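The values are calculated or read from the model by the stated rules, or taken from the named source; none is laboratory data. These numbers come from a predicted model, not from an experiment. Note: ideal-geometry Cβ built from the backbone for every residue, glycine included; neighbour counts use all protein chains shown. The protein model used for the area step is the full one, side chains on, heavy atoms only, and it has no ligands, DNA or RNA in it. Shrake-Rupley method; radii C 1.70, N 1.55, O 1.52, S 1.80 Å.
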Amino acid sequence: MTFDRADFSRIQISLLAAVLMIAAGAALAWFADRQHLASIRAEATARAQLNEFEGKLKQVRSEESEIKQKAALFSNLRARGIIGEEQRLDWVELIKEIRDTRKLIDVQYEFSPQQSLEKGSAGGYAFKSSAMRLQMKLLHENDLLNFVNDLRSKAKAYVRVRSCNLTRIPRSAAASGETALLGADCELEWITILPAKGAS
């Protein structure tokens, strides 16, 4: 079958319509591809923003939790009297109370002048320390442990043991009427926290 010029004129409109349809289809395909790429980029941007927001939310929650913990610790320290001026009279009365309650044989102690633990201040607060030399005569080592535990739980200060030496009391001393079997020579720190000068 052969086509001549007359046949071509008959299908010319159809060919033109087919070419236009192919061009329109190609344009639609290109536009759809552009839209698909744009939607992929938009999704990636939205996901990145979501991850960023989730990260910030997680950080805020973590900071909120940390602030609550610090606030609870601060309230606890203030309630125990650790924040504020040192109260040596209360400390002396506490030592006497523990000695009498525990029925300890002999408790001798001496406080040194208060000193700063560090230069400057931390977070608007200054840490102060008063060293205490403690000498005790004991029936057994638990007397010392109980004494220190009572101090730590009841004192209006943070009590830290820096050193402690236990020695046996010679039998001759025990035989002459001394009931103590051990001697303790310790150094403790009574730590308090004060608002730094100029802090609100």
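Miscellaneous remarks
- Extending 7 Å from Cα along the Cβ direction at L50 and again at L28 yields two label points whose distance is 3.1 nm.
- Highest average first, the peptides 108-116, 131-139, 87-95 ordered by how many other beta carbon atoms sit within 10 Å of their residues are 131-139, 87-95, 108-116.
- From phi via Karplus (6.51, -1.76, 1.60), per-residue ³J(HN,Hα) for segment 149-156 in Hz, x at Gly/Pro: 4, 5, 4, 5, 7, 10, 5, 8
- Here the accessible area is traced with a 1.4 Å probe on the protein chains. For the chain, carbon and sulfur cover 57 percent of it.
- Taking packing as the residue-averaged number of other Cβ atoms within 10 angstrom, the listed peptides 181-194, 69-82 run from highest to lowest as 181-194, 69-82.
- For K137, a cut-off of 20 angstrom between C-alpha atoms picks up these lysines, skipping any fewer than 8 places away in its own chain: K96, K103.
- Ligands, DNA and RNA are left out, and with a 1.4 angstrom probe the accessible area of the chain is 73 Å² per residue.
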